[in-house]
Amino acid sequence: MQNYLRSRQQQEEMESARLAVYAQTSRASRGRQYPEPEHPWRTCYQRDRDRIIHSAAFRRLEAKTQVFFATGSDYYRTRLTHTMEVAQISRTLARILGLNEDLAEAVALAHDLGHPPYGHCGEAVLDELMADHGGFEHNRQSLRIVDYLEHPYPSFRGLNLTWETRLCLAKHETRYDKPQIDREFGSGQAPLEGQIADLADAIAYNSHDLDDALAAGLIQEGDLQAIALYQEIKKQVEDQYPQAHPFAQRLRCAKGLIDLLNLDALEEAALRLQQGNPKSANEIRNAPEKMIGLSPLRQQQLNQLQQFLYEKVYYHPQVSRAREIAQAELNYLFTRYLDQPALLPPRYQQRLEQQGRHRVICDYLAGMTDRFCHQLYEQRSRE
């Protein structure tokens, strides 16, 4: 029977044989904070991925806002569907570049665990409320979740992920995510697998936020005349599918945008790797610049699209009205629990003396789905 099964050791040997010399292999992991026996069949990064998927924080992403409230139309992306798209792009890029797909996927699946309800609006509200108590930033909260807030194991708190997965989360960086230098992880680069997850995040949210905004009617195709990336893709789609329905063409544009940026990312990564000629994963971490990114032209074009979305979508009056509702609910709940901490669930009350009211209340609110936050607001405001 053993001839039909591939043990963890065999999988690790296969990794070492097929992955690039600068990939992060499972055998080279620095391990976990709390020592655990190795699994007979799964590598350490496969276990990280599985622990993330089975966490409560991951399940809650299903009902957390991406841009449009998760309680709205069933067409728009939620934080969970966004995360799945990031994971898919990450695996594709990692496989073609000869990197560790399992690590890239684990980082992609965990990168938004720390997002509060109501998207970036909720994050801004909590950061303001916590201004004198350490602030709030969803990347740091993601690390706090996997290190402490999740508690599925009797012997320790957190998911006890590998050092490399945690490093990638601490280093997660996009236009809207700026990591702080952490004493544990220092100022070096993330492994290539983490850099891939960063880029996949930007590719995913720009393409699907554009798609969702068009579907919602917040913008029209005519508004995109000056957006070079969209016009390039639109011409390709119209030339290839001239008889297609406009709805089908629009969907194809969203997919084509992802493909265009993926291809550019692969070509740019190959160029940077050739120039840098790294010989190990450690050289990647000590490199002066990231090895994963877009070409200067495509990055400039993506920046143009991002700025358009920022001005025309994220601050559209319809989104702004929803933002005002979110601000009111989170402000009310935070103040209410600050005045009456006895209303908190018992497991949160147990942490008040050690961690303080503000941080505990922040953890409680940040973990909520949009739906639960709204229901709780309705309940508490009637009492």
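Rule-based calculations on the coordinates, nothing more; no lab input. Because the structure is predicted, anything quoted here is derived from the model rather than measured. Cβ atoms come from the backbone with ideal geometry, glycine included; neighbour counts cover every protein chain shown.
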When a/c is below 1.5 the answer is rounded, else prolate if a/b is larger than b/c, else oblate, so apply that to the stretch 249-383 with a ≥ b ≥ c taken from the square roots of the Cα gyration tensor eigenvalues.
-> oblate
In the Gaussian network model of the chain, springs joining C-alpha atoms below 10 Å, which of TYR205, TYR348, TYR45 carries the largest mean-square fluctuation?
-> TYR348
Would you work out which of GLN220, THR335, LEU251 lies farthest towards the positive end of the dipole of the chain? Charges go on Cβ: Lys and Arg +1, Asp and Glu -1.
-> THR335
Measure off 7 Å from each Cα along the Cα-to-Cβ vector at VAL21 and GLN231, then give the distance between these two points in nanometres to one decimal.
-> 4.5 nm
Using packing as a proxy for protection, rank 231-244, 114-127 so that the peptide with the highest average count of other Cβ atoms within 10 Å comes first.
-> 114-127, 231-244
For THR81, THR369, order by how many other beta-carbon atoms lie within 10 Å, fewest first | THR81, THR369
List, in order, the whole-Hz ³J(HN,Hα) value for each residue of the stretch 374-383 obtained from phi through the Karplus relation with A = 6.51, B = -1.76, C = 1.60 and θ = phi - 60°; use x for Gly and Pro.
-> 5, 5, 5, 4, 4, 5, 5, 6, 8, 6
Could you please state, rounded to a whole Å, how far the C-alpha centre of the stretch 257-326 is from the C-alpha centre of the stretch 185-250?
-> 11 Å
Neighbouring Cβ atoms within 10 Å as the yardstick, rank ARG347, ARG51 fewest first.
-> ARG347, ARG51
Among rounded, prolate and oblate, which fits the chain when a ≥ b ≥ c are the square roots of the eigenvalues of its C-alpha gyration tensor, a/c under 1.5 means rounded, and a/b larger than b/c means prolate?
-> oblate
Size of charge dipole - the chain - debye, nearest 20, with Cβ of Lys, Arg +1 and Asp, Glu -1, no other charges | 740 debye
Okay, which of the stretch 251-279 sit inside 18 Å, backbone N to the point 7 Å along the Cα-Cβ direction of GLN318?
-> 251
Among all the lysines, which ones have a C-alpha under 24 Å from LYS64's C-alpha, if same-chain residues fewer than 8 places away are not counted?
-> LYS171, LYS178, LYS255, LYS312
Rounded to whole Hz, the Karplus (6.51, -1.76, 1.60) HN-Hα couplings of the stretch 129-146, x for glycine and proline | 5, 9, 4, 9, 9, x, x, 9, 9, 5, 5, 4, 5, 4, 5, 5, 5, 6
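When MET130, MET84 are ordered from fewest to most other Cβ atoms inside 10 Å of their Cβ, what list results? Walk me through the intermediate numbers first.
On the way: MET130 18, MET84 15.
In increasing order of surrounding Cβ atoms, one gets MET84, MET130.
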Label-to-label distance, nm, for residues given as ARG30 and GLU267 (7 Å Cα→Cβ offset) | 3.7 nm
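Provide the FRET efficiency to the nearest 0.05 for the ARG380-GLU311 pair, computing r from the beta carbons and using R0 = 45 Å.
0.80
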Three-way shape label, the stretch 238-322, alpha-carbon gyration tensor, a/c 1.5 | oblate
Whole-Hz Karplus couplings 3J(HN,Hα) for the stretch 195-204, θ = phi - 60° and coefficients 6.51, -1.76, 1.60, Gly and Pro as x, run 4, 4, 4, 4, 5, 4, 4, 5, 4, 5
On full extension of the chain, what length is gained from ASP132 through ALA56, given 0.36 nm per residue of separation minus the C-alpha to C-alpha distance?
-> 24.5 nm
